[in-house]
Amino acid sequence: MIVPPRKTSAAVDVAGKLQQFLQTSQGAEEASRHKDACKVLGEMRAQCLHSTEPSDTALQLGVKYWAQLSLLDKRINFSQAGIQFQWHDAFLAPTTFNPGQGRITNSSVHLEIASILFNTGVMAGAQGEREHTAGGIENLKTAATAFRKGAGMFVMAKEVASKVDGAISLDIGADFLSLLEHLFLGHAQRCFYEKAVKDNMKHSILAKLCGGVAECYANANAPISNPTSDLAKHLKNVNWAGLLTIDMLYYKALSHHHHSLGFTPEGEVRTQLGKELAHMKKALEQVEHALKMAKQLKSDKAKEIEALKTKLQADIKAGTEENNKIYHMEVESHAPDPEAKIMVKAEALPDPLTAVGGTDRFASLIPDSVRSSAQLYASRRQDNINNLVKDMQASTDEVKGRLLLVTPQLEAVDSKEPGLPARLRDKIPPIQQKGGLNWLTSSIKVCLEMKKEIAEQVVRSENTLDGEERSDDELRQRFGARWTRNSSRSINGPLRKDLQEAIT
């Protein structure tokens, strides 16, 4: 079975760089609080890079590291953390003359995640290959599950790699990851078929399952079928195009063979022997093509293909002799490919929070988006308060101006001059001329109306302050001790005092 090699990476001080970034961006307290979490994240990366033997533990470690990075990516801006991730193409190793061949360096955490998922998917494929080699029914079931998991990781890697800002290597490009997805689904379908053979299922079912295997391998081969494509050139040293073509032809031949055997139940009259022979000959044609390529590429599958060829030749010879002696049916010149049925699909990765075991080590870290929103809120709150004070001062000045027209006594406030100030004595005659007490009574009525208007403005102002304080309380309750801004009540106290004085 075709399984790609793993990518390699240079060592990165994730823990140190991350803690330094937290100290700079969120303060020494946050950095100290997450010191152990940063250390564990760095250890997880090192363990992922050094895991070489396929096992459930190794797969769980890769998935857990992916999940923790995905959760952390929602809380910090990795591009500002100063971490340079360096990964090498799985098919382009550095050489003496070109040490930078296949090397990609980027601060994007998406490059790290896509590469980790690639390696974890490859690890799943290696586990599936090992279980398939064992050959038992339970081994085949385990192998199929492993290949489906690997396919799911390649699907997610493709989605993540598309977010990398900058160049990426071809091995984590969309075309190659799609190739790997279909390749591993083909392997899983193959396990499904082989288990069906052991379960003695009908030939009609086996034909559909084989067709599904061939279809998956054909889909995998599509991006590299053109030898001039960049991806085909990239894989020229491993000749995947030829190997996938061999597998596709082999399982197409098996599909035709099973289909031919399914026309007539064993022991019954072969009423469709002409169609049987047509499908057998079609199968033989494909097997011969596959065998020729296998010998050219010195593939280990040559013996298996040779055995199928021998079986088909024997069946065709026996069927032809029986037809000539008994049935004399016309052998159809065309045998369409039997219906294909793909029974497997990629297994999606779990939710990141579930994958980390329900414990996000950076859960208490305030996300950048929240911090930015909090700063914006504080700025807007201060602007609102300043505007409110400005409006209140303007209203106060307006009221004073209007009151001075009817209540000149306001000018006597804080007066140091003994007795009635001269500036007021001079205004008594004009008041007497306007009607004296009656005019003053009318003026008082006007003042009361204005006082009512002031009281309404004060109520509106207090409602505004109440709304702002409720918002502050909600944020303080949500973030607890991490919400270190001064209480709105303490800031608004002097304002409320001024409001009360305005209506007394």
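The values are calculated or read from the model by the stated rules, or taken from the named source; none is laboratory data. Remember, it's a predicted structure, so these values are computed and weren't measured experimentally. Ideal geometry is used to build each Cβ from the backbone, glycine not excepted, and the neighbour counts take in all protein chains shown. Keep in mind that these areas ignore ligands, DNA and RNA; they rest on the heavy atoms of the full protein, side chains included. Shrake-Rupley method; radii C 1.70, N 1.55, O 1.52, S 1.80 Å.
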Residues (open to solvent by 10 Å² or more (accessible area, probe 1.4 Å) and assigned to a loop (DSSP other than H, G, I, E, B)) located in region 68-80: Lys74, Arg75, Asn77
Filtered residues of region 478-495 (kept if over 21 Å from Glu29 (Cα atoms), of a type in the set (A, V, I, L, M, F, W, C) and open to solvent by 30 Å² or more (accessible area, probe 1.4 Å)): Ile491
Any pair with Cβ under 6 angstrom, 6 or more apart, that starts in region 120-136 at a residue that is open to solvent by less than 20 Å² (accessible area, probe 1.4 Å) and ends at one that is not in a helix (DSSP H, G or I): Val122/Pro4; Val122/Arg6; Met123/Pro54; Gly125/Val3; Gln127/Pro54
Search result, residues across region 370-386 that are of a type in the set (Lys, Arg) and modelled with pLDDT under 80: Arg371
Residues of region 300-313 that turn out to be open to solvent by 90 Å² or more (accessible area, probe 1.4 Å), over 21 Å from Val331 (Cα atoms) and modelled with pLDDT of 90 or more, as a count: 1
Residue within region 96-117 that is in contact with a Leu (Cβ under 7 Å, 6 or more places away or on another chain), farther than 20 Å from Ala355 by Cβ and assigned to a loop (DSSP other than H, G, I, E, B) present: yes
Residue count for region 296-348, restricted to those that are assigned to a loop (DSSP other than H, G, I, E, B) and not small (Gly, Ala, Ser): 19
Members of region 138-180 that are open to solvent by 60 Å² or more (accessible area, probe 1.4 Å), closer than 24 Å to Glu215 by Cβ and more than 21 Å from the chain's Cα centre (by Cα): Lys141, Thr142
Qualifying positions in region 82-92 - of a type outside the set (Asp, Glu), under 19 Å from Ala46 (Cα atoms) and surrounded by 17 or more Cβ atoms within 10 Å (Cβ to Cβ): Ile83, Phe85, Trp87, His88, Ala90
Residue that is nearest to Arg33 (Cα to Cα), among those in region 457-468 that are surrounded by 15 or more Cβ atoms within 10 Å (Cβ to Cβ) and not hydroxyl-bearing (Ser, Thr, Tyr): Glu468
Criterion violated by Phe362 - all others in (1) at pLDDT 85 or above; (2) over 33 Å from the mean Cα position of the chain (by Cα); (3) not hydroxyl-bearing (Ser, Thr, Tyr) satisfied: (2)
Tally, over region 150-173, of residues that are among the charged types (D, E, K, R) and closer than 14 Å to Trp66 by Cα: 2
Some residue of region 457-470 being part of a helix (DSSP H, G or I) and farther than 24 Å from Gln393 by Cα: yes
Residues of region 368-389 that turn out to be farther than 30 Å from Arg460 by Cβ and surrounded by 14 or more Cβ atoms within 10 Å (Cβ to Cβ), as a count: 3
Residue selected from region 349-367 under the condition in a loop (DSSP other than H, G, I, E, B) and among the small types (Gly, Ala, Ser), by the criterion surrounded by the fewest Cβ atoms within 10 Å (Cβ to Cβ): Gly358
Some residue of region 279-299 being within 25 Å of Glu332 (Cα to Cα), touching a residue at least 60 places away in the same chain (Cβ under 8 Å), charged (D, E, K, R) and buried (at least 17 other Cβ atoms within 10 Å of the Cβ): no
Some residue of region 93-111 being open to solvent by 20 Å² or more (accessible area, probe 1.4 Å) and among the basic types (Lys, Arg): yes
Any chance Val40 is buried (at least 20 other Cβ atoms within 10 Å of the Cβ), among the β-branched types (Val, Ile, Thr) and either in contact with a helix residue (DSSP H, G or I) (Cβ under 8 Å, 6 or more places away or on another chain) or closer than 30 Å to Ala481 by Cα (or both): no
Close pairs (8 angstrom Cβ cut-off, 6 or more residues apart or separate chains): within 14 Å of Leu180 (Cα to Cα) and among the acidic types (Asp, Glu) in region 151-163, at pLDDT below 95 and crowded, with 24+ Cβ neighbours inside 10 Å anywhere: none
Residue pairs meeting the criteria (Cβ under 7 Å; at least 6 apart or on separate chains; first touching a residue at least 40 places away in the same chain (Cβ under 8 Å), in region 327-351; second among the β-branched types (Val, Ile, Thr) and open to solvent by less than 100 Å² (accessible area, probe 1.4 Å)): Ala346/Val155; Leu349/Val63
Test: residue in region 191-199 that is over 21 Å from Ile2 (Cβ atoms) and out of contact with any Leu (no Cβ under 8 Å at 6 or more places or on another chain): yes
